[in-house]
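Inspection log for the structure reproduced underneath, given as structure tokens.
The values are calculated or read from the model by the stated rules, or taken from the named source; none is laboratory data. Predicted model, so just to flag it, every value in this text is computed and none were measured. Methodologically, a virtual Cβ is constructed for each residue, glycine included, from the backbone with ideal geometry; neighbour enumeration extends over all protein chains shown. These area figures cover heavy atoms from the full protein model, side chains too; ligands, DNA and RNA do not enter into them. Shrake-Rupley method; radii C 1.70, N 1.55, O 1.52, S 1.80 Å.
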Amino acid sequence: MAQVASVASFGSSGQLTLGYNKLNSLWGIHLVRRTSRTLRSSSCRKFDYLKSLEIEEKINKIRWCQTANGARFLLSTNDKTIKLWKVSEKKLKNVSNLNVDPSVRHGNGNLVGSSPVQSPKGYAPPRSINGGAVRRTLPPISSDFVFPPGGIPSLHLPTVWSHETALVARCRRVYANAHAYHINSISNNSDCETYISADDLRINLWNLEVSDQSFNIVDIKPVNMEDLTEVITSAEFHPSHCNMLAYSSSKGTIRLIDMRQSALCDRHAKLFEEQEAPGSRSFFTEIIASISDIKFARGGRYILSRDYMTLKLWDVNMEAAPVATFKVHEYLRPKLCDLYENDSIFDKFECCLSGDGQRVATGSYSNLFRVFGAVPGSEEASTLEASKSPNRRLVQTPTKSGNRLFNVRGGDSPGSEINGGQYDFTSKLLHLAWHPVANVIACAASNSLYMYYA
């Protein structure tokens, strides 16, 4: 079965990583620069003996670490284990123009070396196919042998040259056995020394240098699990304030906490929650309100959240309501029963912001993704398909709102039926990332990576 991309992440300097899960195989990390290269497998198949469950082979999250020097480090996590990797470039060196015996050949008949010559002491020891020296008897040297003036012209030194650069990843640390539930988020701190990891009920604080100890800073597990009403869905450090972090819940709320208040941050500094409209509650209300991803804007002033139906942009100084709401899946509201039956309603779409904070993006079904203008008053909106022919014209049914997909605090929603009203719920674009500086967006759909530049 083909491997499927499970996460995409840009680093602060623009390096891009893709995480893959592959059934019945190892899962690995891919680094994309000019070309795509596999670094190495991140983990082998493992088993959770406490719960008698096999740990799924996939990468849940990848985050690049900010370092003071030029070294590149990244964190990757599956459901239970976090690993710190050092990524470096290594030049591959080859040796050519060897002085070897012309009678020694590979199995395909080619010479082992390119320039065989005879030395005063016989032929240089040839090397086997696997690189090991072949032991052979050297011919005897005459006792009256004299080097000719100027030496032997045909005798020369081998040449060492580099023609390719390979990316090498080494696992430096393993942070394990700290989460009883599946890890859904990791986030680096701006102090370049710590990071957080979050599962359904707890958030732990780690030091990058200490792999066998972490501190629990958020714990929402009730004494009686029957009283559990919400779970943690995503967590993110503030981009510049090392004491601030935000986490979202399945109830559609975002909590901003200050670690200076107490060791256990059981009280939030701010709560971002939009009140339900009267009479709008239904069986699906809590399901579609669950936030699947949150992202801080680069300056830390805004928080972007993604639930099943919408994108919401929050001002950290305004808790009552989002400053902008972008309706992404409003046209699927009549189909919620079908989406619940095929479990598509539980899909977790990621979101991202451009480096300048002027645009936001998120994925959808049929390998579509949508880009909205986040500047107040902007009506910019685009719907693109992640495919080899992205400029292919999408058939749309004319609607009252035309091509206007952008919406601030209500109003028209995207009601156009794309691709003739046919939706492919099996091909979904869940993972995408925006370059921190350039206007480049990377989309991971199935086992392919698509990059768009505007």
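Only one residue in I203, I217 is closer than 30 Å to A246 by Cβ and within 23 Å of the chain's Cα centre (by Cα). Which one?
The conditions single out I203.
Regarding A381, is this residue surrounded by 19 or more Cβ atoms within 10 Å (Cβ to Cβ), modelled with pLDDT under 90 and not aromatic (F, W, Y)?
For A381, the condition - surrounded by 19 or more Cβ atoms within 10 Å (Cβ to Cβ), modelled with pLDDT under 90 and not aromatic (F, W, Y) - is not met.
Given the criterion open to solvent by less than 50 Å² (accessible area, probe 1.4 Å), touching an Asp or Glu at 6+ places or on another chain (Cβ under 7 Å) and either in contact (Cβ under 8 Å) with a residue 60 or more places away in the chain or not polar (S, T, N, Q) (or both), identify the matching residue among V218, V231.
Numbers: V218 fails: touching an Asp or Glu at 6+ places or on another chain (Cβ under 7 Å).
Of V218, V231, the one residue that is open to solvent by less than 50 Å² (accessible area, probe 1.4 Å), touching an Asp or Glu at 6+ places or on another chain (Cβ under 7 Å) and either in contact (Cβ under 8 Å) with a residue 60 or more places away in the chain or not polar (S, T, N, Q) (or both) is V231.
Name the pairs: first residue in segment 341-359 and under 19 Å from P376 (Cα atoms), second residue open to solvent by less than 20 Å² (accessible area, probe 1.4 Å) and part of a loop (DSSP other than H, G, I, E, B), Cβ to Cβ under 9 Å, at least 6 apart or on different chains?
L353/A297; L353/A374; S354/A374; G357/A297; G357/A374; Q358/A374; R359/A374
From the list D258, D293, which residue is closer than 22 Å to R333 by Cβ and not β-branched (V, I, T)?
D293
Here's the yes/no breakdown for (1) acidic (D, E); (2) at pLDDT 75 or above; (3) crowded, with 19+ Cβ neighbours inside 10 Å; (4) touching a Cys at 6+ places or on another chain (Cβ under 6 Å):
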residue: E54; (1), (2), (3), (4): yes, no, no, no
residue: C65; (1), (2), (3), (4): no, yes, yes, no
residue: L75; (1), (2), (3), (4): no, yes, yes, no
residue: K91; (1), (2), (3), (4): no, yes, no, no
residue: V95; (1), (2), (3), (4): no, yes, no, no
residue: P102; (1), (2), (3), (4): no, no, no, no
residue: G107; (1), (2), (3), (4): no, no, no, no
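Being more than 20 Å from S190 (Cβ to Cβ) and without any contact (Cβ under 8 Å) to a residue 24 or more places away in the chain: is that true of M318 here?
Numbers: more than 20 Å from S190 (Cβ to Cβ): yes; without any contact (Cβ under 8 Å) to a residue 24 or more places away in the chain: yes.
So M318 passes the test.
Tell me yes or no: at least one residue of segment 360-373 is of a type in the set (G, A, S), assigned to a helix (DSSP H, G or I) and either under 18 Å from E274 (Cβ atoms) or open to solvent by less than 20 Å² (accessible area, probe 1.4 Å) (or both).
No, segment 360-373 contains no residue that is of a type in the set (G, A, S), assigned to a helix (DSSP H, G or I) and either under 18 Å from E274 (Cβ atoms) or open to solvent by less than 20 Å² (accessible area, probe 1.4 Å) (or both).
In segment 432-442, is there at least one residue being open to solvent by less than 60 Å² (accessible area, probe 1.4 Å), small (G, A, S), modelled with pLDDT of 50 or more and over 24 Å from D347 (Cα atoms)?
Yes, segment 432-442 has at least one match.
Give L264, L245 a once-over and let me know the one that is farther than 20 Å from S305 by Cβ and among the aliphatic types (A, V, I, L, M).
Testing whether each residue is farther than 20 Å from S305 by Cβ and among the aliphatic types (A, V, I, L, M) leaves just L264.
Go through (1) modelled with pLDDT of 95 or more; (2) in contact with a Ser or Thr (Cβ under 6 Å, 6 or more places away or on another chain); (3) part of a strand (DSSP E or B); (4) closer than 28 Å to E379 by Cα for S234 and report which single condition fails.
Of (1) modelled with pLDDT of 95 or more; (2) in contact with a Ser or Thr (Cβ under 6 Å, 6 or more places away or on another chain); (3) part of a strand (DSSP E or B); (4) closer than 28 Å to E379 by Cα, only one is false for S234: (4).
Scanning for something at pLDDT 80 or above and either farther than 23 Å from S305 by Cβ or surrounded by 14 or more Cβ atoms within 10 Å (Cβ to Cβ) (or both), does segment 395-418 turn up at least one residue?
No: segment 395-418 contains no residue that is at pLDDT 80 or above and either farther than 23 Å from S305 by Cβ or surrounded by 14 or more Cβ atoms within 10 Å (Cβ to Cβ) (or both).
Check P322 against each of (1) over 23 Å from C443 (Cα atoms); (2) out of contact with any Lys or Arg (no Cβ under 9 Å at 6 or more places or on another chain) and name the one condition it does not meet.
Failed condition: (2).
Quick check on my filter: what residues within segment 300-349 are in a strand (DSSP E or B), open to solvent by 10 Å² or more (accessible area, probe 1.4 Å) and polar (S, T, N, Q)?
T310, T325
Quick check on S248: is it under 26 Å from F369 (Cβ atoms) and either open to solvent by less than 70 Å² (accessible area, probe 1.4 Å) or over 28 Å from the mean Cα position of the chain (by Cα) (or both)?
Values: under 26 Å from F369 (Cβ atoms): yes; either open to solvent by less than 70 Å² (accessible area, probe 1.4 Å) or over 28 Å from the mean Cα position of the chain (by Cα) (or both): yes.
So S248 passes the test.
Residue under question is N391, and the condition is that it be in a loop (DSSP other than H, G, I, E, B), under 26 Å from T233 (Cβ atoms) and modelled with pLDDT under 90; does it hold?
In short, no.
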